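Here's the structure, in structure tokens; my notes come after.
Every number here is computed from the coordinates shown, using simple stated rules; none is lab data. Computed from a predicted model, the values in this text were never measured in an experiment. Cβ placement follows ideal geometry from the backbone for every residue including glycine, while neighbour counts extend to all protein chains displayed.
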Amino acid sequence: MIKTIIKQFPKTDLVEFPMPEEKLRNSYYTKEEVDTMISDALAEAKRIDEESMKKHNRDATVISMILGFTTLALFIDGLLRMLGIIPPFMDLDVNILDKIVERVESDVIDKVKQVPIQKIFQRNFR
């Protein structure tokens, strides 16, 4: 059984030594052929590199635009909530205008009431 398998096993013609002259001629490349293959490979590598850099730059630009727009939108949302233009979100009130108005009413107006305005006007008009 094994003898029949070995006899039927396909043989290659590379076993022949010395190689025939025509096979020997086709088994190597000339210096010019190697140089053209190298230059073709370098040109293809440069083309692939340029295409990949273009794709990377386009993707990075899109990601930067998305991040910038999101950051700007969140900043404007927070600013408008602080100014009281947009209502509070989830009961987180960050409105500062009411606090500023209360402070002005309590501190500044009381101080203005303490200053005798008639005396200021009399000094300026004399």
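Of the trypsin sites (Lys or Arg not before Pro) found in segment 45-99, no site is in coil according to DSSP while having at most 11 other Cβ atoms within 10 Å of its Cβ. Karplus-based coupling profile of segment 88-98, in residue order and whole Hz: x, 10, 6, 6, 9, 8, 10, 5, 9, 5, 4, with θ = phi - 60° in 6.51 cos²θ - 1.76 cosθ + 1.60 and x standing for Gly or Pro.
Summing +1 for each Lys or Arg and -1 for each Asp or Glu among the other residues whose beta-carbon sits under 15 angstrom from that of ARG103 gives -3.
One way to sum up the overall shape of segment 36-95 is the equivalent ellipsoid from its Cα gyration tensor, whose semi-axes run 52, 7, 5 Å, largest first. Amide H contacts of GLY84 (H built 1.01 Å from N, in plane; Pro and chain starts excluded): ILE96 sit under 5 Å, all sequence-distant by 5 or more or on other chains.
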